[in-house]
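The values are calculated or read from the model by the stated rules, or taken from the named source; none is laboratory data. Just so you know, these numbers come straight off a predicted model, no measurement behind them. FYI the Cβ positions are ideal-geometry reconstructions off the backbone, even for glycines, and counts take in every protein chain you see. Ligands, DNA and RNA are stripped out before the accessible areas are found, and what is left, the full protein with its side chains, is counted by its heavy atoms. Shrake-Rupley method; radii C 1.70, N 1.55, O 1.52, S 1.80 Å.
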Amino acid sequence: MEPRSTGRRARRRPGTGVFQHGVASGDPLPHAVLLGTRVTVRPDAVPGSGVGEAVDVAWEVSRRPDFGTLAADEANERCSRPEGALERAIRARRCLHERLERRPRAVVADVRLEPAPWRPTTPVAHPGVPHVKSSTESLSPTRVKLTIEVPFEEFKPNLDKAYKQIGGQIQVPGFRKGKVPAAIVDQRVGRDAVLSEAVNAALPDWYRQALEETNVQPLSQPEIDLTKFADGEDIEITAELDVRPELDLPDLADITVKVEDAEVTAEDVTEQIDALRERFATTTDVERPAADGDALTIDLVAKDKDGEPIDGAEANAMPYTVGSGVLLDGLDDAVTGLSAGEEVTFSTELVGGELKGTPVDVTVTVVDVKERTLPELDEEFVQTASQFDTVEEFTADVRERLVRGKRMEQAGQARDLVLDEIIGKVEAPVPDELLAAELGARREQVAQQLAQAGLTMENYLEDEGQTAEEFDAELERRTRDAIVAQFVLDQVVAEQEIGLDDTELSQHIMQRAQQSGQDPNAYVQHIMEHNHVPEMVSEVLRGKALASLVEGATVTDESGNDLRLSQLRGDGTYADEETDGDDA
């Protein structure tokens, strides 16, 4: 008799050019926040309080870069739009950097471990489920044997149910369907078949109840063995499974980290103001040759050295700013001096896709030339672009917002550094099966993403300046660190009995919807249909645990100032800022 084993293995959803060149490796996610990204978050929409608010926001942005299922789903929706061949190549290249490991390191929430708080610490009554007696035996720091004992009397309801189910599937003359006596069922299919069906049907509930009673947090599918089973006698089952190890966490008083100063220079302010002026720039058609900074509309066609067109290497009505350098080497020189309706052919090399490095002749046609004019920084512009009346008020607000952003960057740096320090101080064994599964999932996802971007692993490694061995070693290190970080945070959640309420979860989901740029209703429907709610819960709980760790550590800036992270709110202001007027 072979019982069915239970348990869940985490499954990964894979995420998903020829003319792309010069894309910065740190291109920000839409709605950037920390470490090069920026997002607007309402202070009352961030779970937790004090440093928790700042760290929760930092947490959300930092976790997204790697291979979390939900983040991959969102990236797929953004990066898989129907487009022309050239546009698709350019977008694929940009989205590849977003999906792979080009963002700030996500140390947590990209390995789908079950969050401990979902399992009650006290036994829960299950109506209709026999009471089982369970015990555990430690086989290693990451593996236990769970022994489950079920009295035969408690098993009888399962047996009666099996008789009824099997009796409803067989036809016996003289008996209505579903009314076949147990003795007749035994004659037709055998008592052993009924016992086997009853045990198999009961196993999931017994296993789940035993996990709750022993407070075991599974990390793998169980290896189940029916060790004692004789008709009329008590039943004994054993299940071996991987579990989260108990860690000896370091004293937070011994954790000291240093982050960058939250210094805002006059150049920073000017850069932000100029960026806003760029958004309000006006364009005017001009009848003159294109010059640096002009906005052009161009057509591109690439041919090989034999003059044959290259499939997919063409684009029409593409906007391009002279001097941006974001497409092909030599394009800026080629279009400079051309007027509307003129074309020129120049030689270059393709820089993406399977034909990367292929010498080609590219014909570029200038459709139109527009001169871009930035508005003057005066009161008229300020009143149009902001809620302020004077340049002085507007400039002060820009500076204040930059200061807040720097504080949030400090919170993000503190989060990563504190967690890195803790990871470096703990000895945390990782189950081989879990590590192998995560590595396999990540490698598979990388391969699919590269294929969708039209690249090979060789192309990617060449772009990154890595060997295959270096890539594999880095991927394993990142994967192991991510798993250990989750071990740490889940243990903090359990030890501090951190919980969350419906309001916190709802706010977190709305925040994620805002960050993804999706309609909130559509986003909620997506996470419900794909069972991402446990992932959402896990993110909030681990974020609160991380906030607790950061609060307990000593964090200073490079100038030696202690940071008031416990007072930092989700919008980068301090909780006491209105009363003490502290701007730094």
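Tabulated values for the structure
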| item | result |
| --- | --- |
| Residue match in the stretch 191-210 (condition: in a loop (DSSP other than H, G, I, E, B) and either touching an Asp or Glu at 6+ places or on another chain (Cβ under 7 Å) or under 30 Å from Arg399 (Cα atoms) (or both)) | no |
| Residues satisfying the stated conditions in the stretch 409-440, i.e. under 22 Å from Asp557 (Cα atoms) and either open to solvent by less than 30 Å² (accessible area, probe 1.4 Å) or small (Gly, Ala, Ser) (or both) | Gln410, Ala411, Gly412, Ala414, Arg415, Asp416, Val418, Leu419, Ile422, Ile423, Gly424 |
| First in the stretch 277-296 and at positive phi, second anywhere and among the polar types (S, T, N, Q), Cβ under 8 Å, 6 or more apart | Gly293/Thr321 |
| Among residues of the stretch 150-180, those that are buried (at least 17 other Cβ atoms within 10 Å of the Cβ) and under 21 Å from Pro204 (Cβ atoms), counted | 8 |
| The stretch 183-207 residues that are farther than 24 Å from Gln171 by Cα, paired with ones that are open to solvent by 10 Å² or more (accessible area, probe 1.4 Å) and of a type in the set (S, T, N, Q) (beta carbon under 8 Å, 6 or more apart) | Ala202/Asn158; Leu203/Ser5; Leu203/Thr6; Pro204/Thr6; Tyr207/Thr6 |
| Any chance Ala317 is exposed (fewer than 15 other Cβ atoms within 10 Å of the Cβ) and either in a strand (DSSP E or B) or in contact with a His (Cβ under 8 Å, 6 or more places away or on another chain) (or both) | yes |
| In the stretch 442-460, the residues that are open to solvent by less than 20 Å² (accessible area, probe 1.4 Å) and of a type outside the set (Phe, Trp, Tyr) | Arg442, Gln445, Val446, Gln449, Leu450, Ala453, Leu455 |
| All positions within the stretch 339-394 that are in a helix (DSSP H, G or I) and open to solvent by 70 Å² or more (accessible area, probe 1.4 Å) | Glu379, Glu380, Gln383, Thr384, Glu392, Glu393 |
| Index of the failed condition, Gly517 passing every other in (1) closer than 30 Å to Ala437 by Cβ; (2) modelled with pLDDT under 90; (3) among the small types (Gly, Ala, Ser) | (1) |
| Test: residue in the stretch 528-539 that is under 18 Å from the mean Cα position of the chain (by Cα), crowded, with 21+ Cβ neighbours inside 10 Å and among the β-branched types (Val, Ile, Thr) | no |
| Count of the stretch 192-213 residues which are open to solvent by 40 Å² or more (accessible area, probe 1.4 Å) and in contact with a strand residue (DSSP E or B) (Cβ under 7 Å, 6 or more places away or on another chain) | 1 |
| Test: residue in the stretch 404-422 that is within 21 Å of Glu278 (Cβ to Cβ) and modelled with pLDDT under 95 | yes |
| Single match in Arg477, Arg404 (criterion: open to solvent by 30 Å² or more (accessible area, probe 1.4 Å), farther than 30 Å from Gln221 by Cα and basic (Lys, Arg)) | Arg404 |
| Residues within the stretch 461-472 that are open to solvent by 60 Å² or more (accessible area, probe 1.4 Å), in a helix (DSSP H, G or I) and not acidic (Asp, Glu), tallied | 0 |
| Unmet requirement for Ala291, which otherwise passes all of (1) in a loop (DSSP other than H, G, I, E, B); (2) under 30 Å from Val492 (Cβ atoms) | (2) |
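Let's see how each residue does on (1) under 19 Å from the mean Cα position of the chain (by Cα); (2) part of a loop (DSSP other than H, G, I, E, B); (3) not polar (S, T, N, Q):
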residue	(1), (2), (3)
Ala396	no, no, yes
Arg399	no, no, yes
Met408	no, no, yes
Asp416	yes, no, yes
Ala428	no, yes, yes
Val446	yes, no, yes
